[in-house]
Amino acid sequence: MNGKQIRKLLERTRLVDASGFRLRDHDPGDTAPKVVREAEAEALLAAGVARLSELQTLLYADARWSLLCVFQAMDAAGKDGTIKHVMSGVNPQGVQVHSFKAPSSDELAHDFLWRVQRELPKRGHIGIFNRSHYEEVLVTRVHPELLERQNLPDALRGRHVWRDRLRDIAAWEGYLARQGTVVLKFFLNISRNEQKQRFLDRIDNPAKHWKFRPEDVTERGHWDAYMEAYEAAIAATATPEAPWFVVPADSKWFARLVVVSAMIDALERLQLEPPRVTPQDEARMIEARRRLEMEKN
Ligand code: ATP
Ligand code: MG
C-alpha cells in the first residue's frame, strides 16, 4: 500500500476529536472503491504485513516506544481473524495478545483498570487487546447487573458513573501516551444484518460450530443499547493521543487493510532507527572479527 492509499483510508476512519460523532454517519459496508479494489486486497495486505514486520523489528531494536492496539466489536465482527491476519508476519517474541473475558472474582475485587494495566506491552513490544477496559463502559453499561457485582461503594455508583469512567479511561490513555505507549483503538463496525449472516453461516457450517454460542444471539437483542454505548464511549475517548478508528467491517478484507494501515502509519510517525553503534562498540566489533578469523577451524 502506498502512502497516499494509507492516508486516504485513515482520513475516513480515524477520529481524534469526536465531539458530534454519530455512529450512523459511518457505513459498515464502506470499502473506499476509489482508493483500493477488492481484487488487489490480498497483495496489498501481504505488502502491509511485510512492512509492519520491518517496523516491528525497529520498534524492538529501539526499545523505547511500545504500541497498544485495542480491538472492540460486536460478536462475529472479525476481531480474531483481523488480529491473526494483520499480525501474521511479525516476530511472535515482540507481540502479546490478550483476550479479556468476564472478570474473575479476584479481578472484580480491584479497580477496573487493574487487570488491564498488568497486560500492557513492554517498551519495544506490541500489545494487542482482544476486548479491553472498554467492556466496562459497554457490556457493563448494557447490563447494569454487572455493575452490581463490582461492589462499588453506593456513593460512587450514581448516575455519573459512566461519564466518570469514560473520563478515567481518557486520562489513563493520555498517561500511557506520555509514557511512550502509542495507543490505537479499533472499533470493527459491522451491520446488524451482516452479523446475522455470519451467525447463520456458523450454524450451517459444522467446521465453524465451535465459534458459535447461542448466547450471542441473545446478546444481539441488545444491539441498539450497544450502539448507544459504543457511540458514547468513542465520542468521549477519541483523542490525538489515543485515536479511535471506526473500521467498516462488513468486508473482512477492507477492515484488515484499514487496521494494518493504521499500525504502519503510527509506527512510521515514530521515525524509528536502529540504535547507533558507538565508535568504542565498533572497535570492539572489529576486534571480535579479528579473533573469529584467527580461530583454527
Ligand atoms: P469470539 O468472537 O470468539 O466470540 P469474544 O471476544 O466474544 O470472541 P468470548 O469468550 O465469546 O470472546 O466472550 C468474552 C466475553 O467476556 C464477552 O461476552 C465480553 O462481553 C465479556 N467481557 C469482557 N470483559 C468484560 C467485563 N469487564 N465485564 C463483563 N464482561 C466482560
Ligand atoms: Mg463471543
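What FRET efficiency would be calculated for the residue pair residue 113, residue 37, taking the C-beta separation as r and a Förster radius of 45 Å, to the nearest 0.05? Once rounded, the FRET efficiency stands at 0.60. Helix 41-62 and the long axis of the chain differ in direction by around 60°, with both axes built from C-alpha atoms. Beta-bridge orientation, the chain: approximately 10 percent antiparallel, per DSSP, counting only bridges with both partners inside.
For the pair residue 139/residue 273, report the inter-label distance in nm, with labels modelled 7 Å from Cα in the Cβ direction. Using points 7 Å along Cα→Cβ, the separation is 4.6 nm. Per residue, the Cα convex hull of segment 188-293 amounts to 211 Å³.
If R0 equals 35 Å, the separation of the Cβ atoms of residue 54 and residue 219 corresponds to a calculated FRET efficiency of about 0.35. Looking at the chain, what % of the alpha carbon pairs are farther apart than 24 Å? Counting every Cα pair in the chain, those more than 24 Å apart make up 56 percent. Going by Cα centres, segment 208-286 and segment 56-132 are how many Å apart? The two parts, judged by their Cα centres, are 9 Å apart.
Mean residue ellipticity, 222 nm, helices only, the chain: the sum of -39500 (n - 2.57) across DSSP H runs of n ≥ 4, divided by residue count and rounded to 500, is -15000 deg cm²/dmol.
Given a cut-off of 29 Å, name the pairs among 34/208; 34/122; 84/122; 4/185; 84/196 whose C-alpha atoms lie farther apart than that in the structure shown. Violating the 29 Å limit, Cα to Cα: 34/208; 34/122. Amide hydrogen proximity for residue 99: with H placed 1.01 Å from N in the peptide plane, the residues at 5 or more positions away or on another chain lying under 5 Å are 130.
Taking a straight Cα-Cα cut-off under 14 Å and skipping sequence neighbours fewer than 8 places away in the same chain, the aspartates and glutamates within cross-link reach of residue 8 are 30, 265. Between the residues 229, 278, 245, the greatest Cα displacement towards the positive end of the dipole of segment 141-295, with unit charges on the Cβ of Lys, Arg, Asp and Glu, is found for 229. With each label modelled as a point 7 angstrom along the Cα→C-beta vector, the residue 7-residue 241 pair spans 2.8 nm. Size descriptors for segment 91-176, from the alpha-carbon set: Rg then Dmax equal 14.2, 47 Å.
Peptide packing for 71-84, 242-255 was compared via the average number of neighbouring C-beta atoms within 10 Å per residue; ordered from the highest value, the list is 242-255, 71-84. Modelled this way, with points 7 Å down the Cα-to-C-beta line, the labels at residue 177 and residue 123 are 2.1 nm from one another.
Could you work out the percent of alpha carbon pairs in segment 1-66 separated by over 17 Å, rounded to a whole number? Above the 17 Å cut-off, segment 1-66 has 59 percent of its Cα pairs.
None of the figures in this text is laboratory data; all of them are computed from the coordinates on show. Predicted model only: the values in this text are computed from it and were never measured. Positions of Cβ are generated from backbone atoms using ideal geometry, with glycine treated the same way; all protein chains shown enter the neighbour counts.
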